[in-house]
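The block underneath contains the structure these notes are about, expressed in structure tokens.
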Amino acid sequence: MGKIYPKIIFGFLITVLIGIFSWGGWSDPWLGAARIFWAAFVGLTGFLILWTGKISRWRAVLFIAMAWGFMVYFKSESLGLTGKFFTSDQMRESPYCHIAMASSIFNYLYQQYLALKSKAWSAWGPLSLGFLWLIVTLTLGQAWCSWACFYGGLDEGFSRILKKPPLKRFNLPAKIRDMPAAILIFMILISFSAMLPIFCLWVCPLKITTSFLDPIDAARKAQLLIFAVIGILTIIALPLVMGKRTFCGLICPFGAWQALFGQINPFRVTIDQKECSQCGLCAQICPTFAITQDSLKNPRISSYCNRCGVCLDQCPAGAISYTVGPHKNFGPLDAKILFLFSALLVAGAAGALFMPEAIATLARGLFR
Amino acid sequence: MPYQLINLSTFFTEGFALGLSTGAYCLGACAPLLVPYMLGEGKSTWKANGFILMEFMAGRLLAYILFAVIVSFIGIHFSNFISPRLIRLAMGLSGLLMIIYAMGRNFSQPTLCRRALNSPALTRFPLILGFSIGINICPPFAAGMTRLIEMGSILFGIFYFLSFFTGTSLYVLPLILVTPWLKYERLVSAGRLCSFFSGIWFLVQSLR
């Protein structure tokens, strides 16, 4: 385990930075305390990862907590504001998803042009989101999907319930792994064609964390049925029996988007050819189908890798590591420490947007 | 300038302007078919993809000209009768073609689709695909059709739709920009899977 002090300093540094980022005063003491709690929670995760050497175990705790926290935050906001479980209107707010934006890209471009010209900073929604996405992609790349995404913790949570999932060793055909990319291409084309956010309206079950449209007519009922089927199958049932993140690995188009653009990020998970014993354990346990037996022959991990750390924790030969490009060190710095620092900061900052509110809501409910 | 020639240039300009103003709609209809096909079948050379694109465009042009001739003959009443049916037929045909293509390319099992894909009837697949989407009477196409009937001349009608086709094509031509991406094997595989979704989408649209 080595010396404990550098690990404490690492965790403390993250706590301080997230604390500063999320700080908003004591006007609401519950919220103030929740902000401190959140910062400490992220810092503690960093400390525990370094102290125990188990990356994925502690990452998963943070990640799953974020997904459920996001649901608590959105649901309580939505119920508090409208008193209704369903949304009765079409989606009017700025979609925060590129798939949804494809249907109204020209409107957005024009709107953003007007916002820039008139210096109406408050109307900079999509631009700001675009800028945030760029920062996240530069700092984390595809690792967003296992460290900071506020949806991914749902199927990860279910995939970890059974210790020995019955279909853990089931090998999918390699081309099925390209399904998210196919869905991404199709949804962008169709959203543009129909001028509607088709993925949001018809496919994405992750609206469970926000709100569904009122099932007032046959089409809306069909949408709800599709959401339910896809959701139950890919977020609950398949993760349970396969122990894999089937929604993130086989459906989520944002994962494919990040796999493509995440290549600009320098962090990688690399298999050391000299040390690899070709046991194939990593291919069996990879929760997002990013490693296959074929890819081990090179050995190379596909661009769909989420940097979740499961294979790093389990590899019996210790042949897998975080690298910057192909290098284990970046100057005097350890690539692993650099990556973990970057990942925890981004996850903590993303979570700071909703986790303190969610924690405060739960705390008020429990202790008041 | 002779009267006929003035009219011809007027109709040409009018058709071109209609095509330019509504081309985004055509792009929306063509892209979900053409992009997955180009990703799945194209090569990372401009020439190979240019050929696919040209074949597709030729199919569309053929459908437009055929339509111009037929509508000039049959008149407005009959065309009003066949339009909604033709839309469904066009959508259904496009969807079916894409499903056959996707099944033939993605799976080794359904030999029927593989055979169909290799049959002489489908050797010019992009041409047939272009034709099937070309006969889809979209709103801009319907606007052109009304004008065509007003003209009452087959020659003017052909010119009108030729210029309409030119205007709309300016939107479709940039789809060839997918070419440099085709060197990525995964994208080719994704394109083939995507063609299946497109097929289902068009088929469902035809049944609505």
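The values are calculated or read from the model by the stated rules, or taken from the named source; none is laboratory data. Note that this is a predicted model, so its numbers are computed, not measured. Here the Cβ is made from the backbone with ideal geometry for all residues, glycine too, and neighbour counts use every protein chain on show. Accessible surface is based on the protein model in full, side chains and every heavy atom, while ligands, DNA and RNA are left aside. Shrake-Rupley method; radii C 1.70, N 1.55, O 1.52, S 1.80 Å.
With both partners inside chain A, how many of the DSSP beta bridges are antiparallel, as a percent to the nearest 5?
90 percent
Ordering A:Val61, B:Val172 by accessible area with a probe of 1.4 Å, largest first, what comes out? Don't skip to the end; give the middle numbers.
Numbers: A:Val61 70, B:Val172 0 Å².
The most accessible residue leads, giving A:Val61, B:Val172.
Computing the accessible area with a 1.4 Å probe over protein heavy atoms, can you report the carbon and sulfur percentage for chain A?
Carbon with sulfur: 69 percent of the solvent-accessible area.
Search the structure for amide H atoms under 5 Å from the amide H of A:Asn329, placed 1.01 Å from N in the peptide plane, and list their residues when 5 or more places away or on another chain.
A:Val324, A:Ala335
With the crude spin-label approximation of a point 7 Å out along Cα→Cβ, what separation in nm comes out for B:Leu96 versus A:Leu281?
Reported label-point gap for B:Leu96 and A:Leu281 is 5.5 nm.
Top to bottom by accessible area (1.4 Å), largest first, where do A:Lys274, A:Lys3, A:Lys244 land?
My answer, sorted largest first, is A:Lys274, A:Lys3, A:Lys244.
Would you please classify the overall shape of the protein assembly as shown from the alpha carbon gyration tensor, given that a ≥ b ≥ c denote the square roots of the eigenvalues, rounded means a/c under 1.5, and beyond that prolate means a/b larger than b/c while oblate covers the rest?
In terms of gyration-tensor shape, prolate.
From the Cα gyration tensor of the range B:3-207, with a ≥ b ≥ c the square roots of its eigenvalues, which class applies: rounded if a/c is under 1.5, or else prolate if a/b is larger than b/c, or else oblate?
Judged from the Cα gyration tensor, the range B:3-207 comes out prolate (a/c at least 1.5, a/b above b/c).
By the gyration tensor of its Cα atoms, with a ≥ b ≥ c the square roots of the eigenvalues, what is the shape of the range A:229-368: rounded for a/c under 1.5, prolate for a/b over b/c, or oblate? List each step's numbers first, then the result.
On the way: a/c = 2.07, a/b = 1.37, b/c = 1.51.
Because a/c hits 1.5 or more and a/b fails to exceed b/c, the range A:229-368 counts as oblate.
Would you mind getting me the FRET efficiency between A:Tyr5 and A:Phe367? Use the beta-carbon distance for r and R0 = 35 Å, nearest 0.05. Mind showing how you got there, number by number?
On the way: r = 35 Å, r/R0 = 1.00.
Given R0 = 35 Å and the Cβ-Cβ separation, E is 0.50.
Just counting partner chain Cβ atoms within 10 Å, what average do the residues of peptide B:183-194 show around their Cβ?
6
Residue separation times 0.36 nm, minus the C-alpha to C-alpha distance between A:Glu77 and A:Phe170: what's the value?
Difference between extended and current length: 29.4 nm.
Hey, rough spin-label estimate for B:Thr123 and A:Ala194, points 7 angstrom out along Cα→Cβ, what's it come to in nanometres?
Between B:Thr123 and A:Ala194, the simple spin-label model gives 3.8 nm.
Over chain A, with a Gaussian network built from C-alpha contacts below 10 Å, which listed residue (A:Gly249, A:Gly25, A:Gly262) shows the highest mean-square fluctuation?
In this elastic network of chain A, the residue with the biggest mean-square fluctuation among A:Gly249, A:Gly25, A:Gly262 is A:Gly25.
Pop out the ³J(HN,Hα) list for the range B:191-208 in order, Karplus 6.51 cos²θ - 1.76 cosθ + 1.60 with θ = phi - 60°, rounded to Hz; leave Gly and Pro as x.
In residue order, the calculated couplings are x, 5, 5, 4, 4, 5, 4, 4, x, 4, 4, 5, 5, 5, 4, 6, 8, 5 Hz.
Which lysines have a Cα less than 17 Å from the Cα of A:Lys3, not counting those fewer than 8 places away in the same chain?
Qualifying lysines at Cα under 17 Å: A:Lys54, A:Lys336.
Among all helices in chain A defined by DSSP H, which have a length of 30 Å or more along the axis from Cα atoms plus a Kyte-Doolittle mean of at least -1.0? Provide the component values of the computation, followed by the final result.
Working: long enough: A:29-52 (33 Å, 1.36); A:55-82 (40 Å, 0.82).
Answer set is A:29-52, A:55-82.
Could you pull the accessible area for A:Lys221 with a 1.4 Å probe, rounded to 10 Å²?
Accessible area of A:Lys221: about 120 Å².
Under a point spin-label approximation (7 Å from Cα along Cα-to-Cβ), what is the A:Asp334-B:Ile74 distance to one decimal in nm?
7.6 nm
Rank these by accessible area, largest first, 1.4 Å probe: B:Thr179, B:Thr166, B:Thr111.
Heavy-atom accessible area, descending, gives B:Thr111, B:Thr166, B:Thr179.
Based on DSSP loop calls and a cut-off of at most 13 other Cβ atoms within 10 Å, the longest stretch of chain A free of exposed chymotrypsin sites (Phe, Trp or Tyr not before Pro) is what? Don't jump to the answer; show the numbers that get you there.
On the way: sites that count: A:Trp26, A:Phe85, A:Tyr96, A:Phe170.
Segment A:171-368 is the longest.
For helix B:125-134, what angle does its Cα long axis make with the longest principal axis of chain B, in degrees from 0 to 90 and rounded to 10?
Roughly 40 degrees, rounded to the nearest 10.
Counting GluC sites (Glu not before Pro) as exposed when in a DSSP loop with at most 14 other beta carbons within 10 Å, what is the longest stretch of chain A free of them?
Working: sites that count: A:Glu93, A:Glu275.
The reported range is A:94-274.
Rolling a 1.4 angstrom probe over the protein chains, ignoring ligands and nucleic acids, what is the accessible area of B:Ser44 in square angstrom, nearest 10?
Around 60 Å² of this residue is reachable by solvent.
On average, how many beta carbons from a partner chain sit within 10 Å of the beta carbon of a residue in B:28-37?
The per-residue average across the peptide is 4.
For chain A, modelled as a GNM with alpha-carbon contacts under 10 angstrom, which of A:Pro239, A:Pro166, A:Pro326 fluctuates the most?
The residue that fluctuates most here is A:Pro166.
Accessible area per residue, 1.4 Å probe, Å², for the protein assembly as shown: what's the number?
48 Å²
Could you work out how far the C-alpha centroid of the range A:305-355 sits from that of the range B:115-136, in angstrom?
Answer, in whole Å: 49.
For the B and A pair, go ahead and give the buried accessible area with a 1.4 Å probe, both sides summed, in Å² to 100. Walk me through the intermediate numbers first.
Numbers: alone 10710 and 18770 Å², together 27840 Å².
Summing both chains' loss of accessible area gives about 1600 Å².
In the range A:164-207, what residues drop by 40 Å² or more of accessible area when the other protein chains are put back, versus the chain on its own? Use 1.4 Å, and skip ligands and nucleic acids.
A:Lys175, A:Asp178, A:Ala182, A:Ile185, A:Phe186, A:Leu189, A:Ile190, A:Phe192, A:Ser193
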